[in-house]
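One structure is given below, encoded as structure tokens.
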Amino acid sequence: KPVHEDAIYYLGNMYFEMGADQKAESEWLKLAKFNEESLRAHFQLGKLYMFTESEELFSLEKAESEFRKTIVINQDFIQPLIYLGEIYLYHGDLDSSFEYFSAVLGTDPDNFESIILSAFIHWKQRNNPKARELYTRARDLRQKEVRAKSISQEGDTRGRKSMERQTKHSGF
């Protein structure tokens, strides 16, 4: 079957895990062309453009475009909102960045990334009491997370390489 969505998606993931980012891009673009509503293809392309180490592929503009497509396809998917907030933060647009993190926290009040980055924004805006409150909240959440991680994480299917890339670029 020349166009099997799952096969194309997972082949792209495999290439991404191997560090063959151009091949991963090719597969996910193929999937997005075949199915313009493929949330997985657009999300993976966004991550690729944001986290690649390839100078030819790195593009926050392309990443933003792909993440916006994922939001149109599924408004309940919060991870693209976090990445969009990070992109705006990178560009120094604190207000837009904060809007994305606030939207995430409206859905998931314990989202560590959004809390810690919102704290950073408050700190940059010299709102130290709010920044301190959010940093404390983030610290408490992280401590709970660390205790919970001592329990087996069976079923976690995220690949080591993609997790390393994401962690490396997010600063955590």
Please state which of the following conditions F101 fails to meet, knowing it meets all the rest: (1) open to solvent by less than 50 Å² (accessible area, probe 1.4 Å); (2) within 14 Å of Q79 (Cα to Cα); (3) touching a residue at least 24 places away in the same chain (Cβ under 8 Å). (3)
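Which residue, of K149, K124, K69, is of a type outside the set (A, V, I, L, M, F, W, C), more than 13 Å from the chain's Cα centre (by Cα), within 21 Å of E25 (Cα to Cα) and open to solvent by 40 Å² or more (accessible area, probe 1.4 Å)?
Details: K149 fails: within 21 Å of E25 (Cα to Cα); K124 fails: within 21 Å of E25 (Cα to Cα).
Just one listed residue meets the conditions, K69.
Conditions (1) closer than 23 Å to Y100 by Cβ; (2) touching a Leu at 6+ places or on another chain (Cβ under 8 Å); (3) without any contact (Cβ under 8 Å) to a residue 24 or more places away in the chain; (4) not β-branched (V, I, T), marked per residue:
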| residue | (1), (2), (3), (4) |
| --- | --- |
| Y9 | no, yes, no, yes |
| D21 | no, yes, no, yes |
| M50 | yes, yes, no, yes |
| V72 | yes, no, yes, no |
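Surrounded by fewer than 20 Cβ atoms within 10 Å (Cβ to Cβ) and over 14 Å from Q22 (Cα atoms): is that true of L94 in this structure? Working first, answer last.
Values: surrounded by fewer than 20 Cβ atoms within 10 Å (Cβ to Cβ): yes; over 14 Å from Q22 (Cα atoms): yes.
Spelling it out, L94 is indeed surrounded by fewer than 20 Cβ atoms within 10 Å (Cβ to Cβ) and over 14 Å from Q22 (Cα atoms).
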Only listed residue being open to solvent by 60 Å² or more (accessible area, probe 1.4 Å), over 29 Å from L141 (Cβ atoms) and of a type in the set (S, T, N, Q), chosen from Q75, Q22: Q22
Considering only region 78-92, state which residues are within 15 Å of A63 (Cβ to Cβ) and of a type outside the set (A, V, I, L, M). Q79, P80, Y83, G85, E86, Y88, Y90, H91
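Any chance region 35-56 includes a residue that's surrounded by fewer than 20 Cβ atoms within 10 Å (Cβ to Cβ), of a type in the set (A, V, I, L, M, F, W, C) and over 20 Å from I87 (Cβ atoms)? Quick ask: steps written out before the conclusion?
First, the residues of region 35-56 that are surrounded by fewer than 20 Cβ atoms within 10 Å (Cβ to Cβ): 35-37, 39, 53-56.
Restricting the remaining residues to those that are of a type in the set (A, V, I, L, M, F, W, C) gives 39.
Add one more test, that the residue is over 20 Å from I87 (Cβ atoms), and what stays is none.
Looking for residues that are surrounded by fewer than 20 Cβ atoms within 10 Å (Cβ to Cβ), of a type in the set (A, V, I, L, M, F, W, C) and over 20 Å from I87 (Cβ atoms), one finds none in region 35-56, hence no.
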Working only within region 82-107, note down all residues that are outside any loop (DSSP other than H, G, I, E, B), over 15 Å from the mean Cα position of the chain (by Cα) and among the charged types (D, E, K, R). D95, E99
Scan region 78-90 and give yes if some residue there is free of Cβ contacts under 8 Å to residues at least 12 places away in the same chain and on the phi < 0 side of the Ramachandran plot, otherwise no. no
Does K30 qualify as being in a helix (DSSP H, G or I), open to solvent by 10 Å² or more (accessible area, probe 1.4 Å) and more than 26 Å from Q75 (Cβ to Cβ)? no
Hey, any hits in region 154-167 for a residue that's at pLDDT 95 or above and among the aliphatic types (A, V, I, L, M)? no
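The values are calculated or read from the model by the stated rules, or taken from the named source; none is laboratory data. What you see is a predicted model; the values in this text were computed from it and never measured. FYI the Cβ positions are ideal-geometry reconstructions off the backbone, even for glycines, and counts take in every protein chain you see. Surface areas here come from the heavy atoms of the whole protein model, side chains and all, with no ligands, DNA or RNA. Shrake-Rupley method; radii C 1.70, N 1.55, O 1.52, S 1.80 Å.
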